[in-house]
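As structure tokens, the structure follows; a few thoughts come after it.
The values are calculated or read from the model by the stated rules, or taken from the named source; none is laboratory data. Because the structure is predicted, anything quoted here is derived from the model rather than measured. Virtual Cβ from ideal backbone geometry, glycine too; neighbours counted across all protein chains shown. Note: areas computed on protein heavy atoms with side chains; ligands, DNA, RNA excluded. Shrake-Rupley method; radii C 1.70, N 1.55, O 1.52, S 1.80 Å.
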Amino acid sequence: RGLFILHDVLHSAVGSAPPGTDTTPVPTKPGQSQRIVSEGRVANKACTNCHSKFEPFAFALERFDGLGTYREKDRHGNALREDGAVILPGTGERVEYGSARELMDTLAESERVRMNFTRKLAQFAMGRPLVESDAPEVERVHAVAWKAGGRYQDVIAALAQSALIQTSW
């Protein structure tokens with residue numbers, strides 16, 4: 001979940017695991033919630049460089065299972081938490097949060113997230129991955145959309161009127 005937020009919401013990345021690294025998920029058990037497993041990877045000197053960048057984003061979501069059902073204990077009776085602290089990519093700013101809602105509010109206020117939302121919509125509208133030469137027009141679309149209010153429909157309207165769409169057919 002943290003890796004998804006880092007890649008797909010914050011438009012940031014970490015490298016692949018080193019060759020030979022066992023990436024099999026560690027199962028939870030009594031006394032060992034998913035957060036405790038994740039904190040172990042963050043504390044491990046061999047893993048912390050990458051895991052410290054994305055694991056803390058997942059901490060906020062620990063109380064939600066894979067289907068989004070809210071719970072305060074996992075199937076083993078381990079208490080689940082939703083607080084933590086993250087480093088926002090591009091700023092180096094450390095942000096503490098007490099709940100998933102607080103983290104999501106912080107992300108919603110991020111210009112990096114807003115720009116990535118525009119990128120994702122442009123990519124979807126074009127039906128192909130963006131390439132480097134698309135960047136100036138995507139930035140123009142973003143500026144027009146946010147000047148108009150920054151709502152979903154503003155991004156769609158700016159995209160529809162952009163050279164990305166008008167000249168791609």
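Whenever a residue of the stretch 149-169 is part of a loop (DSSP other than H, G, I, E, B), its partners that are open to solvent by 20 Å² or more (accessible area, probe 1.4 Å) and modelled with pLDDT of 95 or more, lying with C-beta atoms within less than 6 angstrom and at least six residues away or across chains, give the pairs SER162/GLU137.
Please pick out the residue among ARG112, ARG71 that is open to solvent by 60 Å² or more (accessible area, probe 1.4 Å) and touching a residue at least 60 places away in the same chain (Cβ under 8 Å).
Working: ARG71 fails: touching a residue at least 60 places away in the same chain (Cβ under 8 Å).
Step by step, each of ARG112, ARG71 is checked, and only ARG112 is open to solvent by 60 Å² or more (accessible area, probe 1.4 Å) and touching a residue at least 60 places away in the same chain (Cβ under 8 Å).
Residues in the stretch 8-33 that are open to solvent by 80 Å² or more (accessible area, probe 1.4 Å), in contact (Cβ under 8 Å) with a residue 40 or more places away in the chain and either assigned to a helix (DSSP H, G or I) or at positive phi (or both): HIS11 alone.
Considering the stretch 17-69, the residues that are within 12 Å of LEU80 (Cα to Cα) and acidic (Asp, Glu) include one that is nearest to the chain's Cα centre (by Cα), namely GLU62. Counting only residues that are assigned to a helix (DSSP H, G or I) and of a type outside the set (A, V, I, L, M), the stretch 80-114 holds 7 of them. Every condition in (1) among the β-branched types (Val, Ile, Thr); (2) outside any helix (DSSP H, G or I); (3) surrounded by 18 or more Cβ atoms within 10 Å (Cβ to Cβ) is met by ILE5 except one, and the failing one is (2).
Among the residues of the stretch 49-79, none is identified as in contact with a His (Cβ under 9 Å, 6 or more places away or on another chain) and not in a helix (DSSP H, G or I).
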